Amino acid sequence: MKLKPLMIAVAAAAVCLPALAQSQLTVVNFGGANGAAQKKAYFEAFEKSGAGKIQQVEYNGEQAKIKAMVEAKKITWDVVEVESPDVNRGCDEGLFEKIDWSKVGNKADFQPAAVHECGVGTFIWSTVMAYNADKLKTAPVTWADFWNTQKFPGKRGMRKGARYNLEFALMADGVKTADVYKVLATKDGADRAFKKMTELKPSIQFWEAGAQPPQFLVAGDVAMTTAYNGRIDAAQREGKNLQIAWTGGIYDLDFWVMPKGGANKDLALKFISMASSPDAQAEYARNISYGPTNNKALAKLDPKVLALLPTSPANSKDALQFNISFWADQGEALEKRFAAWSAQ
Amino acid sequence: MNATAARPLMPLAADTTGPALVAQLRQVERRKRLRAIALTLPLLIFLAVTFLVPLGALLVRAVENPEVAGTLSRTGDALAVWDRESAPPDAAYAALLADLAAIPETAQAGVLARRLNSEVSGARSLIMGTYRALPLGENLSPLQAKEKLLAHDPRWAELPYWWAIAKNSSRWTPDYLLASVDLKRDAQGHVVRVGAEEAAFSVILFRTFSISAVVTLICILLGYPLAYWLATLSERKANLMMILVLLPFWTSVLVRIAAWIVLLQTNGLVNRFLMFTGLTGEPVPLLFNRLGVIIAMVHILLPFMILPLYSVMKSVPGNYVRAAVSLGSTPLAAFFRVYVPQTYPGVAAGGLLVFITSIGYYVTPALLGGPADQMLSYYVAQYTNVDVNWGMACALGSVLLATTLILYSVYRRFAKAELSLG
């Protein structure tokens, strides 16, 4: 007796679910302050436009998950935010759909680095030097200052791993920004970078997640740290007196990609296109200080917001663009060397 | 079991009533056995699917090497006669061009590039760049093929790339396993140690064991008195205390790690207390070093030590110690010479449990330790997620598996000896 309504409900659900699934899009990002800004600027606008519902999933950049999904031909993620080395590698290995740029927008409107065969650059972020202005009497400016533990006593926060740190070490050792990757590609250059890292080793406190550096600074654990500029910006918005030294920052892009073989390809591309529009990107940059990739978005922002972005002229003057192909070639060997170095 | 039970019946039955009964009996026995198997079948299938198959796949992946053999087979053949010291034969250049041109999808070229790049840095851009530039010409002679390739990218003259291709043109490779113990095959195929700046895994393996050993030792030192005290309490009090022991056991590991961060950070509760009591003038670094990792791991693993110890101690009769004391032993000597040996099985079981659990630890060292405190699992995760080099990840996993099995067999021998002593 009681089973009947239940059966009807189950049957109804079975009929309705595929319909629901079609208009629902799973978008995967890194969460945190950036995820919140994306939600406000992109996801809510997309849902309001009636195009479909968005289910937000957080991950930590693990490409293994995407690889496993594509290999098993069971794609549950429609749109994924990936870092630039991964868009290249995934594209080479056939993990991502090719982008139909005619449906995204005019390529000429975008930053050249944002246009990729398999991905659409969504924002420009930077790994920079940050410090707590309440605790340091004089402001550090260069990476040489970061290495100078005499003038600026205290611990230094750095990302656990070789990436970025080796570039910073070379800049601290006097290598010009433009020559960093040329030097690092040689055996001597890599030796030089690791030697410089050894100099600072006793003072380094390594971080794993992007949320840690501002926390270290606020807690007074470190005097200076490398950090993602958006995280420092988020802490500033919470009233913390954290500051950024932009000289020698390394900027890079994150991309939207679509794992190969997903069922919602059209809707996914629609989402990417919407999230790449000038209005949406301008709204995003107002919520977190990451640079828009669509140049038309810049015109919609007021100077106060612009001054905080890694792409503003003053901030990008001495900046270094992250070299994807260098790290694609050398990354595995350098990370292994870093593991050996940290054990020494 | 059923077969042995049936055997004594057989001659008896044959003597009295002939082969018919024997056959009948056998049938009954077989049916019984089938039913027993059918009952355990779901569990066996479950174990096979969730445990043996993935484990087998892991072991296979650690030695499987299909990427180069599958795509550059002609090049591999052409390199078979090469002495590995002079320039590679022209035929190898021609074969390479033919092999690359025969790769139907970019994805396969990408997989090949990744495999070779993990052997020689730079191979990724070399392979992908060459693949994207194809075709370099029609109907090329081997010499022309060589010239075209060198003109496209002069790195094709460098021997390490050709060594990597030659070395990996067989379907199976010991390289991942060798690399996980800091060995490699040189160009001639001899096994040699890797250079000092690449040698990471033997240190990491040693570190994994030393952290686990320290954690196990501290767990024994802390767990033993507590378990002893619990075993001497009345049933009701012991149950209450047991709940207190188990309470953190039921809390998520991540929550407990977050709690330790709050407690141990520079201006955390522990440091403030130490400074308040005047034990230290300035904060002690308790976090992002070995100390923090060990404190948190001991806290998480202590129940695994207490539970087996407690259950063994509960079964130790008290009259042996009383007898020893009444025969003139001091209480302390009686405890160490009579009581403690009887609890060795518990110490061994708890120690093994804690040790084996800790060598697989990942989250705790990742969040509470510095780069010099990471254990082997951290690098398994790094190779799985970041480098997407699953062969290497599986090889490291196999090393962990092998050491665990060795430890377990040592334990079995040790435990048996202990038991026969008792």
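Read-outs: derived from the displayed coordinates by stated rules, not from any lab. Remember, it's a predicted structure, so these values are computed and weren't measured experimentally. Heads up, the Cβs are rebuilt from the backbone with ideal geometry, glycines too, and the neighbour counts pull from every protein chain shown.
Just a few scattered comments:
- Using the Cβ-Cβ distance between B:Ala323 and B:Ala187 with R0 set to 60 Å, the FRET efficiency works out to roughly 0.25.
- Exposure proxy order (Cβ contacts within 10 Å, fewest to most) of B:Phe206, A:Phe43: B:Phe206, A:Phe43
- Computed over the alpha-carbon atoms, the stretch B:364-416 gives an Rg to Rh ratio of 1.13, Rh here being the Kirkwood radius from the mean inverse distance.
- Take the convex hull of the alpha carbons in the stretch B:179-228; its mean projected area over all directions comes to 4.4 nm².
- If only the Cβ of Lys and Arg carry +1 and only the Cβ of Asp and Glu carry -1, the dipole of the protein assembly as shown around its Cα centre is close to 2700 debye.
- Convex hull volume per residue, computed on the Cα atoms of the stretch B:48-166, equals 115 Å³.
- Here the label points at B:Leu274 and B:Ser315, each 7 Å from Cα along the C-beta direction, are separated by 4.2 nm in the simple model.
- Extreme residue, positive dipole direction of the stretch B:138-215, given options B:Pro160, B:Gly195, B:Pro142 (C-beta unit charges): B:Gly195
- Sorted from greatest to least, the principal axis extents spanned by the alpha carbons of the stretch B:154-194 come out as 34, 23, 15 Å.
- Counting every alpha-carbon pair across chain A, the share separated by more than 28 Å comes to 46%.
- Selection from B:Leu177, B:Ala91, B:Ala123, by position along the positive dipole direction of the stretch B:74-221 (Cβ): B:Leu177
- Dividing the radius of gyration of the alpha carbons in chain B by their Kirkwood radius gives 1.14 for Rg/Rh.
- Solution diffusion estimate, µm²/s, Stokes-Einstein, the stretch B:322-369, Kirkwood Rh from C-alpha pairs, 37 °C, viscosity 0.692 mPa s: 244 µm²/s
- Both the radius of gyration and Dmax for the stretch B:203-242 are 15.3, 48 Å, in that order, over alpha-carbon atoms.
- Which of B:Val363, A:Val128, A:Val80 has the fewest Cβ neighbours within 10 Å, and the rest in rising order: B:Val363, A:Val128, A:Val80
- Loop-resident GluC sites (Glu not before Pro) (DSSP state other than H, G, I, E or B) in the stretch B:62-104 with no more than 11 further Cβ atoms inside 10 Å of their Cβ: B:Glu85.
- Rg and Dmax, both from the Cα atoms of the stretch A:195-344 and both in Å, are 18.5, 52.
- According to the Kirkwood relation over distinct C-alpha pairs, the hydrodynamic radius of the stretch B:112-265 is 21.7 Å.
- The stretch A:134-279 - Kirkwood radius from inverse mean 1/r over Cα pairs (Å): 17.4 Å
- For A:Thr142 and A:Ala219, a Förster radius of 35 Å and the Cβ-Cβ distance give a FRET efficiency of 0.90, rounded to the nearest 0.05.
- Whole-number D in µm²/s for the protein assembly as shown (Stokes-Einstein; Kirkwood sum over Cα pairs; 25 °C, 0.890 mPa s): 80 µm²/s
- For the residue pairs A:Lys260/A:Lys300; A:Lys65/A:Lys300; A:Lys40/A:Lys103, the alpha carbons lie more than 27 Å apart in A:Lys260/A:Lys300; A:Lys65/A:Lys300.
- For the stretch A:177-255, diffusion coefficient by Stokes-Einstein and Kirkwood Rh (Cα), 25 °C, 0.890 mPa s, µm²/s: 167 µm²/s
- Folded to 0 to 90 degrees: helix B:142-152 orientation relative to chain B principal axis, Cα: 70 degrees
- Residue order, fewest to most beta carbons within 10 Å, for B:Val192, A:Val87: B:Val192, A:Val87
- In degrees, nearest ten, helix B:390-421 long axis to first principal axis of chain B (Cα): 30 degrees
- Degrees, to the nearest 10: A:324-343 long Cα axis against longest axis of chain A: 60 degrees
- In the stretch A:134-201, the ratio of gyration radius to Kirkwood radius, Rg to Rh, stands at 0.99 when only Cα atoms are counted.
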